[in-house]
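The structure under discussion appears below in the form of structure tokens.
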Amino acid sequence: MHEQVLLDGHVGPLQFWFQTGTNDETSDRNNNGIIDAIDDTLDLMKALKKVGYPKTAMKYVEVENGVHHPSTWAKVMPDFLKWAFN
């Protein structure tokens, strides 16, 4: 996805919500102490900034001890709804 964003380079009237949990997974392919789900999300945000999306077009939420499961998503749902629908 990162490459596609950089290759396309299109910037549209979009807003992005990104959410990760610190326990979404255990993989850390580059051995930097940060799980891949977080690393990849932050890298995608960097790619979006590089093609011209402003930081204000992106919201990143990292849930401490959050897992890839509806129980974690439910914790951030109220904030997401406020963000999405003002």
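A few comments on the model shown:
- Here Met45, Met58, Met1 are placed in order of increasing Cβ neighbour count within 10 Å, fewest first, which gives Met1, Met58, Met45.
- Spatially proximal lysines relative to Lys49 (Cα-Cα < 16 Å; intrachain offsets below 8 disregarded): Lys59
- Between amide H atoms placed 1.01 Å from N, distances below 5 Å from Gly66 occur with Thr22, Asn23, all of them 5 or more places distant or on a separate chain.
- Per-residue Karplus couplings for region 4-21, computed as 6.51 cos²θ - 1.76 cosθ + 1.60 with θ equal to phi - 60°, are listed in order as 4, 4, 5, 5, 5, x, 6, 10, x, x, 10, 10, 10, 10, 10, 9, 10, x Hz, Gly and Pro entered as x.
- Contact order relative to length of the chain, as percent, for alpha carbon pairs under 8 angstrom and 6 or more apart: 41 percent
- Assuming charge only on the beta carbon of Lys and Arg (+1) and of Asp and Glu (-1), the dipole of the chain about its Cα centre is about 460 debye to the nearest 20.
- Result for the chain in a Gaussian network model with C-alpha springs under 10 Å: among Pro70, Pro54, Pro13, the largest mean-square fluctuation is at Pro13.
- Between region 68-86 and region 19-51, the alpha-carbon centres lie 19 Å apart.
- Simple label model, 7 Å out from Cα along Cβ direction - Asn31 to Leu6, nm: 2.3 nm
- For the chain, modelled as a GNM whose springs connect Cα atoms under 10 angstrom apart, the maximal fluctuation among Thr26, Thr41, Thr72 occurs at Thr26.
- Placing dummy labels 7 Å off each Cα toward the beta-carbon, the span from Asn86 to Lys46 is 3.2 nm.
- Computed over the chain with a Gaussian network model linking Cα atoms closer than 10 Å, the most mobile of Asn23, Asn31, Asn65 is Asn31.
The numbers here are math on the coordinates, done by the rules we state, and not lab data. The structure presented is a predicted model; accordingly, all values stated were derived computationally and were not measured. Heads up, the Cβs are rebuilt from the backbone with ideal geometry, glycines too, and the neighbour counts pull from every protein chain shown.
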